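Nothing in this text is a laboratory measurement; each read-out follows from the coordinates by a stated rule. Keep in mind that what you see is a predicted model, and the values were worked out from it rather than measured. Every residue, glycine as well, gets a Cβ built from its backbone with ideal geometry; the counts of neighbours run over all protein chains shown.
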Amino acid sequence: MRFKVKNFSSQKQQVYRSLMESPKTTLMISIETGILRANVCRHVNSLEKENRITMVYKSICVISKYRASFYSANPELFPSIVEPSNTVELWK
């Protein structure tokens with residue numbers, strides 16, 4: 001039982017390191033790391049909740065040829081948060 005928990009943590013670290021290199025889909029990560037796609041999806045969800053990664057764009061996956069979300073752990077690629085302005089008049 002202990003081995004599985006340690007291995008699971010190691011997989012999460014592998015997913016994070018993979019996403020530091022460049023934006024990737026879950027399928028791309030799965031093929032690159034050899035981790036089952038279901039586990040990759042679980043780790044991506046967990047890392048996203050921790051705000052360690054984010055979805056940077058949606059595009060066609062080069063492997064599946066279907067539209068997919070590309071995730072990244074590189075903070076430079078995170079979309080900037082724009083605060084709403086309180087000075088804009090909606091009604092003139």
For segment 2-76, compute the orientation-averaged projected area of the C-alpha convex hull (one quarter of its surface), in nm². 4.8
With a cut-off of 8 Å between alpha carbons and a minimum separation of six or more residues, what is the relative contact order of segment 2-76 in percent? 35
Using a Förster distance of 25 Å, the FRET efficiency for residue 17-residue 49 (Cβ separation, nearest 0.05): 0.85
Per residue of segment 46-51, in order, report the coupling 6.51 cos²θ - 1.76 cosθ + 1.60 (Karplus, θ = phi - 60°) as ³J(HN,Hα) in whole Hz, putting x for Gly and Pro. 5, 5, 5, 5, 7, 6
